[in-house]
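Each remark here refers to the structure printed beneath this line.
The values are calculated or read from the model by the stated rules, or taken from the named source; none is laboratory data. All of these numbers come straight from a predicted model, not from anything done at the bench. Glycine gets a Cβ as well: all are built from the backbone with ideal geometry, and neighbour counts include every protein chain shown. Just the protein is used for accessible areas: all its heavy atoms, side chains included, with ligands, DNA and RNA removed. Shrake-Rupley method; radii C 1.70, N 1.55, O 1.52, S 1.80 Å.
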Amino acid sequence: MPHPEVLRRLLEEYEEAATNEPADTTDEPGPRTRDLAYTLCVSTGTRDVRQALCTARRLLEDASKST
C-alpha cells in the first residue's frame, strides 16, 4: 500500500484533473487524467479507475482509523 499521504494526493489530483482537464480530440479523458488513473490503478492493485478510486478511498479510511 502506498503511503496514505501519497495516495491522498493522487486521489485529489485525479479528481481535479477529471473535473478540470479538457477532453482530448476523441472525447476521451486528457493525458493528465489518464496518467493519474493509471498511477491510481497501479498503486491500488486494480485495473479499472472506478475500482481504484473505491479502493483508494477505503485504504485512506482504514488508515485514518488506525491513527
Compute the angle between helix 31-44 and the longest alpha-carbon principal axis of the chain, please, reported from 0 to 90 degrees and rounded to the nearest 10.
30 degrees
Whole-percent carbon and sulfur share, accessible surface of the chain, 1.4 Å
50 percent
Residue list for the stretch 25-67, given a label point 7 angstrom along the Cα-to-Cβ vector of Glu12 and an amide N cut-off under 16 Å:
57, 60-61, 64
Can you give the accessible area per residue of the chain, in Å², using a 1.4 Å probe?
70 Å²
How much net charge surrounds Met1 when only the other residues with a Cβ under 15 Å from the Cβ of Met1 are counted, with Lys and Arg +1 and Asp and Glu -1?
+2
Rounded to the nearest 10, the angle in degrees between the Cα long axis of helix 4-20 and the longest principal axis of the Cα atoms of the chain comes to 20 degrees
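Sorting check: for 50-58, 13-21, 25-33, which peptide has the highest mean count of neighbouring beta carbons within 10 Å, and how do the rest follow?
50-58, 13-21, 25-33
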Please list, in order, the residues from the stretch 11-49 whose amide nitrogen is less than 16 Å from a point placed 7 Å along the Cα→Cβ vector of Ser66.
44-45
Anisotropy class of the chain from Cα gyration tensor, a/c 1.5 cut:
prolate
